Amino acid sequence: MVNERRIYILLSHSGSMFSRAINICTRKPYTHVSIALDKDLSELYSFGRIKPYNPIVGGFVQESFRGGTYRRFPNTKCALFSLKITQEQYNRLIQELARFKAEKEKYGYNFIGVVSAAFNYPIHREYRYFCSQFVSELLLKSGIKIIDKDPSLTAPMDFAESGELECVYVGYLRTYNSEVVNNIPMQLSNIT
């Protein structure tokens, strides 16, 4: 495809109290998902903690895999996936992200949605998202459908299990180096 782009989906498990609670409930290895526009992860977005030491105040965040919350939890494990999309889908994704960036003070974390999703009950709250709900809805609004679920019921591991993504790295986030990422797809068994 001539006009193709790659975006990246980062699954992670920091070991914070909140991520451990999610891990206990889901029994899945990863509890958080972010979306990146490049393999350097210089533009990495999600819904999570606004301040690294305050798990209560959350919202739309531009994350740094070398700083912020990830610096606070240096043993964060991750799996990084790439996804080929068209230039048109990429342009729509950039527009959707611009809307979140321009109005980021309006957004908050959807704690109620996380709980309701655990019971398979979708709750949509204006300006409120949890991480996987945000990434799923962002992709859908950009014309990218890789998960056959309502965004408010999407969990981080649904991305890994979608079959649409190529795994390019599994390991500790602190040791991630985009220069040595291989583009040979890894097996899901390496992730779980």
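The values are calculated or read from the model by the stated rules, or taken from the named source; none is laboratory data. Keep in mind it's a predicted model, so treat the numbers as computed, not measured. Note that each Cβ is placed from the backbone with ideal geometry, even for glycine, and that neighbours are counted across all protein chains shown. Surface areas here come from the heavy atoms of the whole protein model, side chains and all, with no ligands, DNA or RNA. Shrake-Rupley method; radii C 1.70, N 1.55, O 1.52, S 1.80 Å.
Numbers for the structure displayed
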read-out	value
Check on Ser136, of a type in the set (Ser, Thr, Tyr), crowded, with 20+ Cβ neighbours inside 10 Å, in contact (Cβ under 8 Å) with a residue 12 or more places away in the chain and out of contact with any strand residue (DSSP E or B) (no Cβ under 7 Å at 6 or more places or on another chain)	yes
Of residues in segment 135-148 being assigned to a helix (DSSP H, G or I) and of a type in the set (A, V, I, L, M), the one farthest from the chain's Cα centre (by Cα)	Leu140
Residue match in segment 39-53 (condition: among the basic types (Lys, Arg) and more than 16 Å from the chain's Cα centre (by Cα))	yes
Meets criteria (under 17 Å from Asp38 (Cβ atoms) and among the small types (Gly, Ala, Ser)) for Ser162	no
Count of segment 151-171 residues which are open to solvent by less than 30 Å² (accessible area, probe 1.4 Å), on the phi > 0 side of the Ramachandran plot and assigned to a loop (DSSP other than H, G, I, E, B)	0
Output for segment 59-76, where each listed residue is surrounded by 17 or more Cβ atoms within 10 Å (Cβ to Cβ) and more than 25 Å from Ile112 (Cβ to Cβ)	Phe65, Tyr70, Thr76
Residue satisfying all of: in segment 130-175; among the polar types (S, T, N, Q) and in contact with a Lys or Arg (Cβ under 8 Å, 6 or more places away or on another chain); farthest from Phe60 (Cα to Cα) among these	Ser142
Matching residues in segment 120-134 - criterion: being assigned to a strand (DSSP E or B), under 15 Å from Arg49 (Cα atoms) and out of contact with any Pro (no Cβ under 9 Å at 6 or more places or on another chain)	Arg128
Subset of segment 61-86 [under 17 Å from Ile9 (Cβ atoms) and hydrophobic (A, V, I, L, M, F, W, C)]	Val61, Phe65, Cys78, Ala79, Leu80, Phe81, Leu83, Ile85
All positions within segment 110-125 that are in contact with a helix residue (DSSP H, G or I) (Cβ under 9 Å, 6 or more places away or on another chain) and either of a type outside the set (S, T, N, Q) or open to solvent by less than 20 Å² (accessible area, probe 1.4 Å) (or both)	Asn110, Gly113, Val114, Ser116, Ala117, Ala118, Tyr121, Pro122, Ile123, His124, Arg125
Members of segment 39-58 that are farther than 16 Å from Ala79 by Cα and buried (at least 21 other Cβ atoms within 10 Å of the Cβ)	Phe47, Gly48, Arg49, Gly58
